[in-house]
Structures are given as C-alpha cells and as structure tokens.
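Visitor: Pasting a structure here, questions to come.
The values are calculated or read from the model by the stated rules, or taken from the named source; none is laboratory data. Given the structure is predicted, the values throughout are model-derived calculations rather than measurements. All Cβ positions, glycine included, derive from the backbone under ideal geometry; neighbour counts span all protein chains shown. With ligands, DNA and RNA removed, areas are computed over all heavy atoms of the protein, side chains included. Shrake-Rupley method; radii C 1.70, N 1.55, O 1.52, S 1.80 Å.
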Amino acid sequence: YNNKDDAVAGNPKGDVTVVEFFDYSCGYCKRVHPTTVQLRKDDKNIRYVYKQFPILGPGSQLAAQAAVAAQLQGKFDAMHEALITNKEPLNEAKLDSIIAGIKGLD
C-alpha cells in the first residue's frame with residue numbers, strides 16, 4: 001500500500017486505499033478503466049495505487065517501463081490515460097507516438 005515507487009491517484013491521504021494490478025495490454029484492465037475513473041470522481045477520499053504487472057508480452061513490458069519513466073517526469077497520469085485507452089498493439093513505434101503526444105514528456 002505504501003511503496004513510494006508506485007503511482008498514486010485520487011486523494012493521497014484518502015481514508016480508503018484501492019490497489020489496482022494492471023497490464024497495459026489487458027483488455028479487462030482497459031474495460032474497467034472508466035469505472036475506476038468514475039469511482040475516484042464520486043469519492044474524493046479514495047487513495048488509488050497503481051501496481052504495474054506487465055505479464056502479457058514484450059509490449060506490456062515496454063509500456064510499463066515508459067509509464068515509470070513518465071512518472072519520474074511527473075507525467076504518469078497523462079501517460080497512463082494514453083496507454084490504458086490505446087487500442088493498438090504496443091511496440092516501440094506506438095510508444096514513441098504516444099510519448100510525442102504528451103507535452104513535456106521525454
């Protein structure tokens with residue numbers, strides 16, 4: 001719950017912690033995403049912790065690495081949204097395209 005390296009959304013001091021293990025290539029993760037966004041909008045006391053779990057191939061691993069790099073640059077939210085809503089296979093070219101679309105991300 002309290003790993004300093006994990007990305008956190010919602011209220012960092014919320015009274016309820018939700019932990020999501022996810023893979024950017026997971027169809028189920030992509031389908032539940034709008035629900036998790038709505039959950040945080042509806043309850044401002046939720047602390048939402050993201051746990052990278054890239055098990056669905058090389059694209060998943062590349063996406064997880066890119067998301068961690070974005071987090072280190074303060075751009076995790078934008079990168080996460082772009083990756084989790086992406087409908088194309090994840091590879092270096094696709095990741096380069098996604099990164100280019102996020103202002104200030106290197």
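Visitor: Return one whole number: the accessible area per residue of the chain in Å², for a 1.4 Å probe.
Guide: Value for the chain: 61 Å² per residue.
Visitor: Here's something else I'd like to know. Kindly write out, for region 87-103 in residue order, the coupling ³J(HN,Hα) from the Karplus curve 6.51 cos²θ - 1.76 cosθ + 1.60 (θ = phi - 60°), rounded to whole Hz, with x marking Gly and Pro.
Guide: 10, 9, x, 8, 8, 4, 5, 5, 5, 4, 5, 5, 4, 4, x, 10, 4
Visitor: Applying the Karplus parametrisation 6.51 cos²θ - 1.76 cosθ + 1.60 with θ = phi - 60° to the phi angles of region 63-71, what ³J(HN,Hα) value in whole Hz is obtained for each residue in order, glycine and proline being reported as x?
Guide: My calculation for region 63-71 gives 5, 4, 5, 5, 5, 5, 4, 5, 4 Hz in order.
Visitor: If you don't mind, another one. What residue among Asp96, Asp23, Asp15 shows peak mean-square fluctuation when the chain is described by a Gaussian network model with Cα springs under 10 Å?
Guide: Checking each option, the largest mean-square fluctuation is seen for Asp15.
Visitor: Still on this structure: Would you mind checking the tilt of helix 27-42 against the longest principal axis of the Cα atoms of the chain, expressed as 0 to 90 degrees and rounded to 10?
Guide: For 27-42 against the chain, the angle is about 40 degrees.
Visitor: On to the next question. Using a Cα-Cα cut-off of under 20 Å, which lysines could be cross-linked to Lys94, ignoring same-chain neighbours fewer than 8 residues away?
Guide: Lys30, Lys75, Lys103
Visitor: Could you pull out every residue, at least 5 positions away or on a different chain, whose amide H is within less than 5 Å of the one on Thr17? Hs are placed 1.01 Å off N in the peptide plane, and Pro or chain starts have none.
Guide: Amide H neighbours of Thr17, under 5 Å, 5+ apart: Arg47.
Visitor: Add +1 for every Lys or Arg and -1 for every Asp or Glu among the other residues with Cβ under 14 Å from the Cβ of Ile46, and state the total.
Guide: So the environment of Ile46 carries a net charge of +1.
Visitor: One quarter of the convex hull surface, Cα atoms only: what value does that give for the chain in nm²?
Guide: 6.4
Visitor: Take Leu56, project a point 7 Å from its Cα along the Cβ direction, then tell me which residues of region 78-92 have their backbone nitrogen under 14 Å from it.
Guide: 83-91
Visitor: So which trypsin sites (Lys or Arg not before Pro) in region 66-103 end up in coil per DSSP with only 14 or fewer other C-beta atoms within 10 Å?
Guide: Counting only loop positions with at most 14 other Cβ atoms within 10 Å, the trypsin sites (Lys or Arg not before Pro) in region 66-103 are Lys87, Lys103.
Visitor: Okay, moving on. How many percent of the accessible area of the chain is carbon or sulfur, using a 1.4 Å probe?
Guide: 55
Visitor: Please find, in a Gaussian network model of the chain (springs between Cα atoms separated by less than 10 Å), the residue of Phe21, Phe53, Phe76 whose mean-square fluctuation is greatest.
Guide: Result for the chain, Cα springs under 10 Å: Phe21 fluctuates most.
Visitor: Apply the Karplus curve 6.51 cos²θ - 1.76 cosθ + 1.60, θ = phi - 60°, to the phi angles in region 6-20 and return the couplings in whole Hz, x for Gly and Pro.
Guide: Here the 3J(HN,Hα) series is 7, 6, 10, 10, x, 8, x, 10, x, 8, 10, 10, 10, 10, 10 Hz.
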